[in-house]
Amino acid sequence: MAASGPETTSLRYHNKVVIVTGGTKGIGEAIVKVFVKNGARVVFCSKEETASDLEAELRESRPGAAIYVCCDVTKEEDIQRLIEVAVKTYGQIDCLINNAGWHPPEQIIDNTSSQEFRDLLNLNLIGYFLTAKYALPYLRKTQGNIINISSLVGVIGQKHAIPYVATKGAVTAMTKAMAVDESRHNVRVNSISPGNIWTPLWEELSSHSTNPEAMILGGKDAQLLGRMGTSEECAKAALYLAAEGTFCTGIDLFLTGGAELNYANKNQQKTHSSIYD
């Protein structure tokens, strides 16, 4: 058993074992770093062959630990191997954070194929379902928890993003259903719905816009707080749900800067500036 002392008692997730999908950039990378900083032993993945630079950085950061596993969450056998590596390496699983996903550029229903919709469902929704399915036998033993990264637009909708909105709405609904079923095992299941968070994906999407600067400004102005959120703020919210939110299950935590509040110009019948135009 690891020693405890003043340097470990302040750690919020000391010696807990956490799996983070999509953990090499953006929100996922921030989650991995925050949990390692708070003493967790993290297994993180993406579909890249290696994440040696990030692994090396985490190895130096301590007091937790982290290992990388190449895993394409659209492949069931990859997910099974991810869970097996985590259990073989650390002996248990205390928390699963489903984060791997993608927001495509603008999608108009007339130009979106059924296969494109199915591919996004496999990544954004079925991947979450399967990772939870294979982690749950171990989470039940530790009375652990699952955190699904969803999106505000799964609740309020978004222009030119029907497939993405559908996947995230389903993630939020699945979280609640899973929380009901797993409560008998004292496994908590929650979701986080971020609004505009400045990430490499947001940067990529804005680069496809005809006016990236206007889109980014619109992204900032969409919040009552007048800015986008940060990946680290998302990571801290996940740490709260895992470590302190022990009476929270089935909740969808809005991390939005108030983007869903107040009336705004939403008239689609006339031309006006939009962060999605």
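The values are calculated or read from the model by the stated rules, or taken from the named source; none is laboratory data. Everything quoted here is computed from the prediction, not taken from an experiment. Reconstructed Cβ throughout: ideal geometry from the backbone, glycine too, with neighbour counts over all protein chains shown. SASA here: full protein model, heavy atoms, side chains in, ligands and nucleic acids out. Shrake-Rupley method; radii C 1.70, N 1.55, O 1.52, S 1.80 Å.
The table below gives the values:
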| quantity | calculated |
| --- | --- |
| Residues of the range 239-257 that turn out to be open to solvent by 20 Å² or more (accessible area, probe 1.4 Å), closer than 20 Å to Ala173 by Cα and not in a loop (DSSP other than H, G, I, E, B), as a count | 4 |
| The range 1-23 residues that are assigned to a helix (DSSP H, G or I), paired with ones that are exposed (fewer than 11 other Cβ atoms within 10 Å of the Cβ) and at pLDDT below 95 (beta carbon under 8 Å, 6 or more apart) | Thr8/Ala2 |
| Unmet criterion (only one of (1) in contact with a helix residue (DSSP H, G or I) (Cβ under 7 Å, 6 or more places away or on another chain); (2) at pLDDT below 95; (3) closer than 27 Å to Gln143 by Cβ; (4) open to solvent by 10 Å² or more (accessible area, probe 1.4 Å)) for Lys25 | (3) |
| Residues within the range 33-49 that are surrounded by 21 or more Cβ atoms within 10 Å (Cβ to Cβ) and closer than 15 Å to Cys70 by Cβ, tallied | 4 |
| Residue tally, condition open to solvent by less than 80 Å² (accessible area, probe 1.4 Å), out of contact with any His (no Cβ under 7 Å at 6 or more places or on another chain) and outside any loop (DSSP other than H, G, I, E, B), over the range 166-203 | 26 |
| Long-range neighbours under 9 Å by Cβ, at least six apart or interchain, first residue without any contact (Cβ under 8 Å) to a residue 24 or more places away in the chain within the range 162-184, second hydroxyl-bearing (Ser, Thr, Tyr) | Val165/Ser151; Gly169/Ser150; Gly169/Ser151 |
| Residue in the range 210-225 that is touching a helix residue (DSSP H, G or I) at 6+ places or on another chain (Cβ under 7 Å), in a loop (DSSP other than H, G, I, E, B) and open to solvent by less than 80 Å² (accessible area, probe 1.4 Å) present | no |
